[in-house]
Amino acid sequence: MRYGHFDDDQREYVIERPDTPLPWINYLGTEAYFGIVSNTGGGYSFYRDARLRRLTRYRYNNAPLDVGGRYVYVRDDATGDYWSPTWQPTPERELDDYECRHGLSYTKIASSRGGIRAETLYFAPLGETLEVWRVRVTNHRDTPAELSLFSSIEFCLWDAQDDATNYQRNFSTGQVEVVDGVIYHKTEYRERRDHFAYFACSEPLAGFDTSREAFLGAYRGWDRPAAVERGSAAGSIAHGWQPIGSHHVRLSLAAGETREVVFLLGYAENPRDAKFDPGSQTLNKTLVRPVIDRWLRPETVEQGLTALKEYWDRLLGGLRVRTPDGDTDRMVNVWNAYQCLVTFNMSRSASFYESGIGRGMGFRDSNQDLLGFVHMVPERARERILDIAATQKETGGAYHQYQPLTKRGNNDIGEGFNDDPLWLILGVAAYLKETGDLALLDEPVPFDNEPGSEVPLYEHLRRSLRYTLERLGPHGLPLIGRADWNDCLNLNCFSDTPGEPFQTTENATGGVAESVFIAGQFVLAAKELAGIAGLLGRDSEEVYFRAAAEKMAGSVAEHGWDGAWFRRAYDFYGNVIGSGENDEGQIFIEPQGMCILGGVGIDDGLAQRALDSVAERLATPHGIVLQQPAYSSYRIELGEISSYPPGYKENAGIFCHTNPWIMIAEAIVGNGDRAFDYYRRLNPSAREEISEVHRCEPYVYAQMIAGKDAPTHGEAKNSWLSGTAAWNFVAITQWILGVRPDFEGLRIDPVLPAGWPGFEVTRSFRGTTYEISVRRAEGATGRVTELLVDGVPVAGNLVPVGAPGAVVRVEAVIG
């Protein structure tokens, strides 16, 4: 069943009923100020770092699930009846109608009750550190209406971890100021902080509250605030306890009249030597007040929304497809690209499933995320690459995560995930192919952010490769360390202590655990680095890197092949994993994809045999599971992977991130039907009809879907922040449609399903616009056999880089 529909013209997903299986969320902000907003108004806001600069509170895993958010209450002052236009937090008050429109970095939620309609638009303007709530209230009655409008947010005391745990201190630190109707949250501003939050309203106030207990009443929740029930605010000033922000506005509406009220929630900083008004502890508002005044004006709000939509027009205009499949067009042109931007901004830090506390920006994650984003805003991808590389160690190893606010490596998680360094090569290669910006390789980048340790970025890439070569096991395969891409395959952990983190506990020493996955990844990365060396004229290094790739591929063929598929690993003692010799976990998806991406097994037929095994043993109607058979019990020598019940997460769940590797592998060997079939099994738009099974949002990818061993097979979890977004975008655009940036031009190499007569693509590439038309000759099943560039035949399938500003017309024929 469906809970809404796509409005393709408006680029919005329209939710038609509030009781979605799970909160269906959206993101506000594109630069430094961000927010999460659900279809019922839940969520929170933060500046740059969801842990260290959180503005508002949100209570994860609560009952109901979605507690805390951007709530507005409408009260009929004649009857005392009140309700929230977002449904939550007053779900028992029945609405006459409801609609939520999630758009690109904005959300509109509207509903009606008793002849009164209220619509709230939420968005964060470009270039600002604030969000706008534009509330429009319309009286559809035949008589005038006397109404009250109450806004409400609950301030977080900045550090979300401390805010949720350190109550003995936090109940005494909360401070606010209220001046000219603006509520300023300034907890800890009197000491070491120079930043504060503010909550403002465009209309004259009938009252306000900044104390949660005064607003809600003792032993009450957000579903029945005392201030709203009695129709008047208390004018409370918070002194410790729980600071909130609430404005009370009275509205007199004639029949048919609409009134607009603007609320602003924002973040601001003052210079450390100008934090206060002279000779006082009063917040200096000189810098922030003009910003508030400007954005409380309706015309500024309208201009900001227009600018935001134009921003997305520009971003999405760089790659547009027209295919025979509407779900493909919808995801590629709008929603998958949008998710790639959000995931690039957030990494894995803040979602409905990620609390923003425990994880920062991932080294591995961020390098993969930019694969789906680099074509939209390459300058931001460049900046991210330099930030990531600066957390690398001199050994070539890397912190697994870093904090976005400080850009320092996260010591709590540490290093030793031995696939991490190789992702830097793959991320840089993708950037260079997209932009041709070889100057990036000469940028001085420190190790571990230590001044004086700077070397050219190219040296960081060389050390990434060397890191692997210096850590090989007895089979010539890379040692796995704490884990490889699969963080839950912990072959050196041996944890028997409840609650002990698998990824950070001290590893056992003396083992020989090797990863076939990293071996395949190494082959791919070494070939990419060879290509980069060739561009720089470093011929001897190019030869060396290609030889290293060939040698590793030989080790995979000799020790990583199991007869019908690629093995997964060797454990601490040298026992094989992912083999027919095992009773469980005989075949894994990851090496089948990554080894073939590296080119292993393509010429000798091993790749095709491995993919046939995937289709036979791992594929389900809802996607490809991670391994089979599932582990039926905890195995201390394998770690966290076996801690999950069968069919969930890494224990034979459909880990969606890995599925595009198989799509790409199928395209590499020429299986267009199977590649596209796998693509549609995961495509959220194609799964919209089974929303009661899928449960997550039908407009973005999820990290995992319950596998065939699970009682809830087909149920998705962990939506939005996943490498699934970038890799699916790469799989469909660069390998199935086959429009793929390369170091020397744009490659046109589609591998299509048999029923497709062709497709069209508009692609911006290095300042040139390419209008690409692909046509299948009648009865043809192969690859591109004819290529015309502006009417001139070109040998092969590589379109040379065009003149900046030019429009190049490309015609390709599949023969």
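Kindly provide the chymotrypsin sites (Phe, Trp or Tyr not before Pro) of region 553-611 that DSSP labels as loop, not H, G, I, E or B, and whose Cβ sees at most 15 other Cβ atoms within 10 Å. Don't skip to the answer; put the middle values down first.
Values: sites: W561, W565, F566, Y570, F572, Y573, F588; in loops: W565, F572, Y573.
Of the chymotrypsin sites (Phe, Trp or Tyr not before Pro), the ones in loops of region 553-611 whose Cβ has at most 15 other Cβ atoms within 10 Å are Y573.
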(request) Quick one: what are the phi-derived ³J(HN,Hα) couplings along region 3-11, Karplus 6.51/-1.76/1.60 with θ = phi - 60°, whole Hz, x for glycine and proline? (result) 10, x, 7, 7, 9, 5, 5, 8, 6
(request) At 1.4 Å probe size, with every protein chain present, just tell me what the per residue accessible area of the chain comes to in Å². (result) 34
(message) Can you tell me the orientation of helix 298-316 relative to the chain, as the angle in degrees between its alpha-carbon axis and the longest Cα principal axis, to the nearest 10?
(response) 10
(message) Shape verdict for region 327-467, please, from the Cα gyration tensor: rounded (a/c under 1.5), prolate (a/b greater than b/c) or oblate.
(response) oblate
(message) What does the extension gain come out to for M1 and R17, with contour length at 0.36 nm per residue minus their alpha carbon separation?
(response) 4.6 nm
(message) Based on alpha-carbon centroids, what's the gap between region 708-787 and region 603-645 in Å, whole number please?
(response) 25
(message) Could you compute the net charge surrounding T120? Neighbours are other residues with a C-beta less than 12 Å from the C-beta of T120; K and R count +1, D and E count -1.
(response) +2
(message) Could you work out [θ]222 nm for the chain from helices alone, using -39500 (n - 2.57) per DSSP H run of at least four and dividing by all its residues? Round to the nearest 500 deg cm²/dmol.
(response) -7500 deg cm²/dmol
(message) Per residue of region 778-789, what does 6.51 cos²θ - 1.76 cosθ + 1.60 with θ = phi - 60° give for ³J(HN,Hα)? Whole Hz please, x for Gly and Pro, Karplus curve as stated.
(response) 4, x, 6, 10, x, 10, 5, 10, 9, 9, 10, 10
(request) Using a 1.4 Å probe over the heavy atoms of the protein chains, calculate the carbon and sulfur portion of the accessible area of the chain as a whole percent. (result) 48
(request) Report, ordered by chain and residue number, the lysines lying within cross-link reach of K285, taken as a straight Cα distance under 27 Å and ignoring same-chain residues fewer than 8 apart. (result) K186, K275
(request) Output ³J(HN,Hα) for region 437-450: one whole-Hz value per residue in order, computed from phi by the Karplus curve 6.51 cos²θ - 1.76 cosθ + 1.60 with θ = phi - 60°, and x for Gly and Pro. (result) 7, 5, 4, 4, 5, 8, 4, x, 10, x, 9, 6, 6, 8
(request) Mind checking the full-extension length gain between D673 and T406? Use 0.36 nm per residue of separation minus the Cα-Cα distance, one decimal, nm. (result) 91.5 nm
(request) For an R0 of 56 angstrom, estimate the FRET efficiency from the Cβ-Cβ distance between E302 and E581 and round to the nearest 0.05. (result) 0.25
(message) Using a 7 Å offset from the Cα along the Cα-to-Cβ direction at both A557 and L126, what is the distance between the two label points in nm, to one decimal?
(response) 5.2
(request) Between A754 and V801, take the C-beta separation as r, use R0 = 41 Å, and let me know the FRET efficiency to the nearest 0.05. (result) 0.80
(request) For the chain, find the longest principal axis of its Cα atoms and tell me its angle to the long axis of helix 336-346, 0 to 90°, nearest 10. (result) 80
(request) Run the quick spin-label model on E31 and R294: label points 7 Å from Cα toward the beta carbon, then report their separation in nm to one decimal. (result) 1.0
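Using the beta-carbon distance between R224 and R538 and R0 = 60 Å, what value does 1/(1 + (r/R0)^6) give for FRET efficiency, to the nearest 0.05?
Plugging the Cβ-Cβ distance into 1/(1 + (r/R0)^6) gives 0.30.
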(message) Between region 504-535 and region 343-380, how far is it from one alpha carbon centroid to the other, in angstrom?
(response) 22
(request) Report, in degrees rounded to the nearest 10, the 0 to 90 angle that the Cα long axis of helix 672-682 makes with the longest principal axis of the chain. (result) 30
(message) Less than 25 Å apart at the alpha-carbon level, and either on another chain or at least 8 residues along: which lysines does that give for K551?
(response) K527
(message) Checking the a/c ratio against 1.5 first, then a/b against b/c, what shape does the Cα gyration tensor give for the chain?
(response) prolate
(message) Starting from the 7 Å offset along Cα-to-Cβ, what nm value, one decimal, do you get for the label separation of D313 and W241?
(response) 5.0
(request) Would you mind calculating the gained length between Y167 and S453 on full extension (0.36 nm times residue separation, minus the Cα-Cα distance), in nm to one decimal? (result) 98.8 nm
(message) What does the C-alpha gyration tensor say about the overall shape of region 285-373? Classify as rounded when a/c is under 1.5, otherwise prolate if a/b is larger than b/c, or oblate.
(response) oblate
(message) Please list, ordered by chain and number, the residues whose modelled amide H lies under 5 Å from the amide H of T620; skip anything fewer than 5 residues away on the same chain.
(response) V625
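The values are calculated or read from the model by the stated rules, or taken from the named source; none is laboratory data. Because the structure is predicted, anything quoted here is derived from the model rather than measured. For neighbour counting, all protein chains shown are included, and Cβ atoms are generated from backbone atoms with ideal geometry for every residue, glycine included. SASA here: full protein model, heavy atoms, side chains in, ligands and nucleic acids out. Shrake-Rupley method; radii C 1.70, N 1.55, O 1.52, S 1.80 Å.
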